[in-house]
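Enquirer: Just passing along the structure, written as structure tokens.
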């Protein structure tokens, strides 16, 4: 069953390849959406795809890449909207 997930990750999550690494994972899991750095230092991620793939992505985001230090994490599952055709990284 397809779902949508909205994730906000706080901590040392910018400048540590978080967005590019989650993009590679999303492509492997066939998840569409985006990852963006936010002005408050967090990373905002929206993903759409099969629920089991989203669960794997959420689990990874709780840790992040090697040099990240996640201190707070918010996740909300929502109804699938079929809004994206690929996973992209927002550039500042």
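Enquirer: Determine if the range 55-66 includes at least one residue that is in contact with a helix residue (DSSP H, G or I) (Cβ under 8 Å, 6 or more places away or on another chain), over 13 Å from residue 7 (Cβ atoms) and outside any strand (DSSP E or B).
Expert: Yes: one or more hits.
Enquirer: If I filter the range 37-54 down to residues being part of a helix (DSSP H, G or I) and over 11 Å from the mean Cα position of the chain (by Cα), which single residue comes out as surrounded by the most Cβ atoms within 10 Å (Cβ to Cβ)? Talk me through it step by step, then tell me what you get.
Expert: Within the range 37-54, the first condition is being part of a helix (DSSP H, G or I), and the residues that meet it are 51-54.
Add one more test, that the residue is over 11 Å from the mean Cα position of the chain (by Cα), and what stays is 51-53.
Numbers: 51: 14, 52: 11, 53: 20.
That would be 53.
This table checks each residue for (1) part of a strand (DSSP E or B); (2) surrounded by 20 or more Cβ atoms within 10 Å (Cβ to Cβ).
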| site | (1), (2) |
| --- | --- |
| 3 | yes, no |
| 6 | yes, no |
| 10 | yes, no |
| 15 | no, no |
| 20 | no, no |
| 35 | yes, yes |
| 84 | no, no |
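Rule-based calculations on the coordinates, nothing more; no lab input. Values in this document were obtained by computation on a predicted structure and should not be read as measured data. All Cβ positions, even for glycine, are placed from backbone atoms using ideal geometry, and neighbour counts span all protein chains on display.
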